[in-house]
Each structure stands twice: as structure tokens, then as C-alpha cells.
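Just dropping this structure here.
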Amino acid sequence: MRVSSRTPITRVLAVGALALVSAGVLAGCGSDDSTASNTPTLTTAAGSGSPTAPPLATGIEVPEYTTPSVAATAPPETPQSVPSGFPGPTEAPPIDARGQAYLDALKKGGVTPAANGDIAISTANYICSAKESGVASEEILAYVTGMAGVEAGLAGGTPSEADAARMAQVYIDAATSTYCS
């Protein structure tokens, strides 16, 4: 009769030994105790001065720390004017005839652009360049849906997903027919 080296007793002993080793390893890792028993302190040699270094003189002003709860209730910051000599335009360029035709097509489609229509014009620029670059229609629709929702929020509305998708299609159709050339 041939006896296998893998008898049930051997398996039981192997599993038991593995369980004991695992329990020992986990017991060593499971404690919340730290090996440090107290907080270290900084000491200095006699006559060497203060244990803290003086702040670096960088000329950078660091605002005081504001806790998140205070920041959440703080009044909004007042926007500062653009400093003189700032590179680039300080105002949006005036809307040309093509842009006005696009904005009129949006209004005709039931979409009210926010403020002076800058966001809508930016969205039209995206639509035209994305179409020229061969971006998939689904990707364009997804991006424009987000922009339509943002602009509707800025205009004072709260569109549903379905409304934002409908408005996005108005943006795309209006840009295609009036703005993209």
C-alpha cells in the first residue's frame, strides 16, 4: 500500500501552522500603539540661542490661516481692477456681426446667453474648431451640454439634464448655421 505524502493530517498541520504565523504577524500590526512613548522636544546647547530659527525675509506676504468653517461663511472677495500695464486686453472684444447672428439664433432657439454672450461665443468657437478637427459629435455634444448648463446657471436658470442637452443642440445648430464658416 502506497502512502501519500499529503495526508489529511499533513494538510491540517500545514494550515494550522500557517494560521498561527498569520495571527502572529497580524497581532504585531494591529495595535494602535506607537513605538514613540511621548512627544519629542527640541533642546539647545547652553548659550546657543533660541530653539527656533528666525523667519526668512522673502518679502512675500502670507495671509493668516482661515479655517474652512470661517471661509465658508466669509463674504465674497471684491474683485480688484486689472493693474495698469497688464498685458493683454482688459475687456472682451466687441461682438461682430457673425457673433451677433449666432446670439440671435440662440435666442430664437429659446436659449438666453449669460451677460454679454462671451461664454456663448467661446462655446461657438469650440464647436467650430472641434468640428474642423474631426472631434466626434458625441464628444462635442457632451462638452457643449456642460457649457450650456453652466451658462444657464449664470443666466439665473437651473436646467434639468434634458433641458441642458436640448440647449446644447441649439448651441451646435446655431454655431453650425451662423458662426462656423
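What follows is calculated from the coordinates using simple rules that are stated; it is not laboratory data. If you're wondering where the values come from, they're calculated on a predicted model, not measured in any experiment. Cβ coordinates were reconstructed from backbone atoms using ideal geometry, including for glycine residues, and neighbour counts include every protein chain displayed.
In whole Hz and in residue order, list the ³J(HN,Hα) couplings for region 158-170 that follow from phi through the Karplus curve 6.51 cos²θ - 1.76 cosθ + 1.60, θ = phi - 60°; x for Gly and Pro.
Result, rounded to whole Hz: 9, x, 6, 4, 5, 5, 5, 5, 5, 5, 4, 5, 5.
Taking 0.36 nm per residue of sequence separation and subtracting the Cα-Cα distance, how much length would be gained by fully extending the chain between Lys108 and Ser137, in nm to one decimal?
Fully extending the segment from Lys108 to Ser137 adds 8.2 nm.
What are the ³J(HN,Hα) couplings of region 130-145, residue after residue, when phi is run through the Karplus curve with 6.51, -1.76, 1.60 and θ = phi - 60°? Round to Hz, x for glycine and proline.
With the stated coefficients, region 130-145 comes to 5, 5, 5, 7, x, 5, 4, 4, 5, 5, 4, 4, 5, 5, 5, 4 Hz.
Name the residues whose placed amide hydrogens come within less than 5 Å of the amide hydrogen of Ala114, ignoring near sequence neighbours (fewer than 5 apart) on the same chain.
Ala120
Highest mean first, what order results for 155-164, 103-112 on Cβ atoms within 10 Å?
Result, highest mean first: 103-112, 155-164.
Would you grab the residues whose amide H sits under 5 Å from the one on Cys180? Only those 5+ places off in sequence or on another chain, please, with H modelled 1.01 Å from N.
HN-HN under 5 Å from Cys180: empty list.
How much net charge surrounds Pro113 when only other residues with a Cβ under 11 Å from its Cβ are counted (Lys, Arg +1; Asp, Glu -1)?
Result for the local shell: -2.
Ranked highest first by average number of other Cβ atoms within 10 Å, how do 114-120, 137-143 line up?
114-120, 137-143
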